[in-house]
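Some notes on the structure that comes next.
The values are calculated or read from the model by the stated rules, or taken from the named source; none is laboratory data. Computed from a predicted model, the values in this text were never measured in an experiment. Don't worry about glycine lacking a Cβ; one is built from the backbone with ideal geometry, like all the others, and counts go over all protein chains shown.
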Amino acid sequence: MDSIQHIGRFLIIIGIVIAAIGGLLMLSGKIPWLGRLPGDIVIQRKNFTFYFPLATSILVSLLLTLIFWIVGRR
């Protein structure tokens, strides 16, 4: 019976995480500087555009690391 309760808790946590990610994706368009930070690489040619959000990726990684570190400290 305990394993079923663990599975239930896991599914609830996964659902909350997915809902949070969905909310962040919905709000990401309202943050004008996200994706246009200094350090993001943009190469535009006549028929080609290459975009690599290096600074944005580092910022998101640092934020997620901080969040997981705070949550995991219990």
| request: Determine whether the range 4-11 contains at least one residue that is free of Cβ contacts under 8 Å to residues at least 60 places away in the same chain and either farther than 21 Å from residue 71 by Cβ or touching a helix residue (DSSP H, G or I) at 6+ places or on another chain (Cβ under 7 Å) (or both). | output: yes
| Conditions: (1) among the small types (Gly, Ala, Ser); (2) surrounded by 10 or more Cβ atoms within 10 Å (Cβ to Cβ); (3) in a helix (DSSP H, G or I). Residue 3 meets all but one. Number of the miss? | (2)
| task | Would you confirm whether any residue within the range 35-42 is in the same structural domain as residue 71 (by TED's automatic domain parsing), surrounded by 10 or more Cβ atoms within 10 Å (Cβ to Cβ), assigned to a loop (DSSP other than H, G, I, E, B) and touching a Lys or Arg at 6+ places or on another chain (Cβ under 9 Å)? | result | no
| message | Regarding the range 53-69, can at least one residue be identified that is exposed (fewer than 10 other Cβ atoms within 10 Å of the Cβ) and either touching a residue at least 40 places away in the same chain (Cβ under 8 Å) or out of contact with any Phe, Trp or Tyr (no Cβ under 6 Å at 6 or more places or on another chain) (or both)? | response | yes
| query | Within the range 13-23, can one find any residue that is part of a loop (DSSP other than H, G, I, E, B), over 14 Å from the mean Cα position of the chain (by Cα) and at pLDDT below 90? | reply | no
